[in-house]
Every structure is written in C-alpha cells, then in structure tokens.
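This report concerns only the one structure given below.
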Amino acid sequence: MPKTNAAIWFTPDGYDPARLGINGRRVAGESFLRGFFAHADVDEFVSLGHGSADHAAFAAMAQRAGVARPLRAVRLDSAQLLRPVDIVSYPAPLDVVEFWRRAPHGGAAWALCGITHTTSTLQVARSFHDMRSAPQMPWDATICTSNAVQASVRRLMELSEAQLAQRFPGATLPARPLLPVIPLGVHCDDARPDPAAGQALRDRLGIAPDDVVAVTIARLTPEEKFDPLPLFLALEAAQHELSAFGGGKLHLVLCGQFKVAHWQAMFERAAARLMPSCGYHLLDGSNAAERKATLSGGDVFVFPIDNVQETFGLAPVEAMAAGLPLIVSDWDGMKDTVTPDVGFRIPTELPGPGQATYLSQRHMGGTDSYLQYLAQLSALTRLDVRALTRALVTLATDRDLRARMGAAGQARARALYDWAAVIPQMQALWGEQAAMLAHARAKGGPLTARISPALIPIGPAPDQMFAAYPSPRPGPDRRLRPVELGPRPDVAATFALRDYGYGRRLIEDPVRIATVLAAYAPHATEAEVATATGLAPGVVGRITLWLLKYHFLEEKRP
C-alpha cells in the first residue's frame, strides 16, 4: 500500500501566528498542523528543518496538540534520511530551491508537495515559471485550494511553457506537477457558537433584540483585503428599506486588526459619512475571545472581498461552522465554498483585456510596490452594491432563512471542510505521489539521475563559480610546514579572537584544527595529513586553508 505520511518542512514563520503575527498563511499553517496531528493516519510525525530551534518549535506545537506518537527530526542538509517517508509537505507554493536541494540525491529521492496561499505576488509568479526550468518532477504537487486558483496556476504555467517553447524551439518540457484542488480546513468544534458570549457582546455594544448584526473577521486593510466603502453603501441602502416598514437597526461589527492607524481612521470616517443610520463597531481581531463572541453574536457574516491577494477565504468557512448565513463576494475560493443553500455570492467584475496590463507592468518593473498594485487593482474591481443591498435586506427580514442557511452551513463545513475530512484527501494525494515515485524508481531513466551538488546552476560550488578569481591553484604535492609562533596567539586563541560564533558559524572545531596543524610537523602534504589523522581529505583541505590564511602554515621551500 502506498505510503501516505509526509515530512513537514517546518519553520515557525509558516505555522506560528501567535508569536510571529497573524496573517492568512500562518493561520492556515497552524490550523493544518493541528489538524494533521489530530487526524493523520501515520506512525510518526517527521519535521524537516534547518536546525535544532526549528525542530524544538515543531515538538512544542506537537506537545500542545497532545501528540503521543513518536517525533523524528531531519535536517534539511540531510534530507536523504527521510526514509521511509517519501513526501515533503511544504507550507507554500514550492520554492525552486527545493527541487535543486533534491537534485544531488536524484529526482526520485522524494516527492514535494506545496500549497497555494496568495498567488498574486511577483515571487510566487516567478516560482511557477522557474519551476518549469528546474528539476521539477511529475510526482511533485502543488495543492490548489480552489478551482479558481487552479485555473490561475495553470495559466501561469501555460504562459511560461509558451515562452520556453518560443525561446528553445524543439525542446521537450517535462510533465507539469500535479495540481489537485483540496480546500483548506477548519476545526469545526472550535467554531461552535457560545450564545452567552454572543449575547454579552450584543449587550456591551448596545444592540437591541430586533436589530440585525452583520459581522466579519478579517485583516482590516483596503490594500490587501477589501475596500469597505461598497459595503457601507449597501448597509445604508438596506437600512433605508428596513426602516420603511419598521425594521430594526443594522449594525456592522468588524473584528480584525489594522496594520496602520491611518486605515482605522479612514474606516471610521467613511462609515460615519456613508452609513450614518447603521451601527459601526470595531473589535480586536487578535483576541480569540472577541473572535468567538463576534461569530456567536452575529446574525449574518459578510465578506466583501475585492482583492486578488485573497485566494480561498478561510473566515467564511469558519462562519459556516459557527452557523451563520453568509454574504460573500463571488470571488475565487468562495465560488467553491459558498453554495446557495448557505448564503449569497455577490457578483464581481475585474478589468477586461488591456484595461489593467499597465498595472502588472508597473508592479513587475518595480515602479509600484505590491501594496500599490493590489490597491490599484482593487479600485478597478466591482462588487455589485445593489445585489449586496438585496442580500442584506433578504436576510435581515427573514429570520427563518437565516436559521436554515446557518444550519446548512454547519453541515457543509463539517462534511467538507473540517480537518477530519481534509487530511485524508491530503494523505490520498501523498499516496498517489508515493506510487508514482515507486514506479519511477523501478523504471529508472534520466528523471531519476543525480546531479552533482557542485554543478547546480543556481548555487554551484565556489570552485566552479569563482575559478577565475584567485591565483592558479597549487598542486596536490605541495608540502607545508608549521610556522614558529613566537609570542603570537596559538590556534585556539586566534580562533576565539576572530569570534566566528558571532555569526553562528564556527567554521571548524578548534581541536581538529590543532590536530591537523600538529600532523604537518615537520612537513607534509594534505594527503599525508589525511592519512595520519584519519580525517576526510575535504576536511583536511578546509582546515589547511584556514591555517594558511592565519599563517600557522607555510610552504616548505626547497
């Protein structure tokens, strides 16, 4: 049976929002890891990281999750020790470095599995282009969290392949990686509403029993998430309709964080001007209790995204799990997650062919920053305000519809988006990758060939890349002898003076350096020292260069 475990390529930046700051990528990564610990059918959990600090952080997260199964740590520079695990789970779109890291071990040494978060950055677009000219293999995979994102990734690859075919006529490109659609998951049990907390929030905000509360949980920035003005306009228009037949007051509760105070002031000014008849409330999105109270005290969840930075939309799925009906943009991942029985999708419109090409050119060329690119494109992305108004009025005036949609949303979230349902899909993908690996290993051929680590084009060995820099290299028969030190510091003292530890790279063990120096007495070649000390020739060669650099050794003259 194919192996279905995967080593987790771990760095806290991909999984620890509590320590490093809340963003969608880290929140999704932390949620996945909790889901993986809880629902994975594996014998052990394997972390793949740069060093002991990363592995310790992984172990700490496993401990907090109550993991009782064995943990195994593998260093990235010793990834060949992954076996029997054959898959590496990467917390983002695959970095081209990962293909080259594998190359010295052969293309079938292990399979890589990345996942899309935002795909709108230049870095991500370049990574998909570079992937097609790197040693990417058909058994590698990038999980696309929505059908819309899968379509955008395929288009990026089509454009890259067309350019490569034009530049290198007749060249045969390898097969693309697997691009399965697997959604992000949530912990449905965590999202269960707390009626007491919800009522306490409504009381605190002065919300009457017949008032209707629209809530959202999001990063509060018009540059990276959503422009609030269309929502404000729709809320005010809906309030006028409700007031005409004696309906209650509409309130908007925003639970989130502002990156900069400027945007908080803008939100407040715009709300006061555009929706004066509605309530406007701001809560701290970094506070878990406030997030819980928001979902528990709301009547409708709104998510009016108009930004290409968004790719899936995790918050609406969490709101579904909390039993709230949804009003969301008809946009990327929400096209998959929000069906008519759980909420309304509001039509959107992006600039047509030729209307916004100048924005991508300015961004690619460095004239505009990423945030400027996002903000300008958002300003040209329409959200249908009339349709948004109608959806608000419909849900505000129909308590039974809200209840039916909320119940349907809870069932849908539990069946499709709880990690208990998502993790098996990921393990099935890893099993497919493992089966493809096994076939490739049995068949052999050029795809499984190893590439010398000295000859990797994006990071060749220094002697390859900088061969023209130094003087001609001495021959292997060069005989060296120790230098009389006199009053100058010895090896250990010189090593300490240089303070290599400050850069967290010790270069070499001072004890081994002293051992090699002693072996050169009265004089010797590198090969003779390697034989005498039992150290590898490469180690002796590096230590010898250090000793020559600081004039502990010199050439024996005839």
- Task: Please report, ordered by residue number, the helices (runs of 4 or more DSSP H) entirely within region 333-404 with at least 3 residues that are touching a helix residue (DSSP H, G or I) at 6+ places or on another chain (Cβ under 6 Å), among the hydroxyl-bearing types (Ser, Thr, Tyr) and modelled with pLDDT of 95 or more.
- Result: none
- Can you work out which of the residues in region 17-33 that are of a type outside the set (A, V, I, L, M) and buried (at least 18 other Cβ atoms within 10 Å of the Cβ) is farthest from residue 433 (Cα to Cα)? 17
- residue 409 passes all but one of the listed conditions (1) within 16 Å of residue 327 (Cβ to Cβ); (2) of a type outside the set (Val, Ile, Thr); (3) surrounded by fewer than 17 Cβ atoms within 10 Å (Cβ to Cβ); the exception is number (3)
- Query: Going through region 413-423 one residue at a time, which ones are closer than 22 Å to residue 339 by Cβ and part of a helix (DSSP H, G or I)?
  - Reply: 413, 414, 415, 416, 417, 419, 420, 421, 422
- Filter region 219-243 down to residues that are small (Gly, Ala, Ser) and modelled with pLDDT of 95 or more and give me whichever is nearest to residue 306 (Cα to Cα). 234
- Query: Got a sec? Which of 206, 246 is modelled with pLDDT under 95, surrounded by fewer than 21 Cβ atoms within 10 Å (Cβ to Cβ) and more than 28 Å from the chain's Cα centre (by Cα)?
  - Reply: 246
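The rows are residues; the columns are (1) among the basic types (Lys, Arg); (2) loosely packed, with under 10 Cβ neighbours inside 10 Å; (3) in contact with a helix residue (DSSP H, G or I) (Cβ under 8 Å, 6 or more places away or on another chain).
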{"residue": "465", "(1), (2), (3)": "no, no, no"}
{"residue": "468", "(1), (2), (3)": "no, yes, no"}
{"residue": "501", "(1), (2), (3)": "no, no, no"}
{"residue": "546", "(1), (2), (3)": "no, no, yes"}
- Just give me the residues in region 414-446 being surrounded by fewer than 17 Cβ atoms within 10 Å (Cβ to Cβ) and either hydroxyl-bearing (Ser, Thr, Tyr) or farther than 23 Å from residue 42 by Cβ (or both), in sequence order. 415, 442, 443, 444, 445, 446
- Quick one: which residue in 92, 59 is in a helix (DSSP H, G or I) and under 21 Å from the mean Cα position of the chain (by Cα)? 59
- Scan of region 121-152 for residues that are surrounded by fewer than 21 Cβ atoms within 10 Å (Cβ to Cβ) and within 14 Å of residue 309 (Cα to Cα), ordered by number: 121, 122, 123, 124, 125, 148, 152
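The values are calculated or read from the model by the stated rules, or taken from the named source; none is laboratory data. These numbers were taken from a predicted model, which means no experiment stands behind them. Don't worry about glycine lacking a Cβ; one is built from the backbone with ideal geometry, like all the others, and counts go over all protein chains shown.
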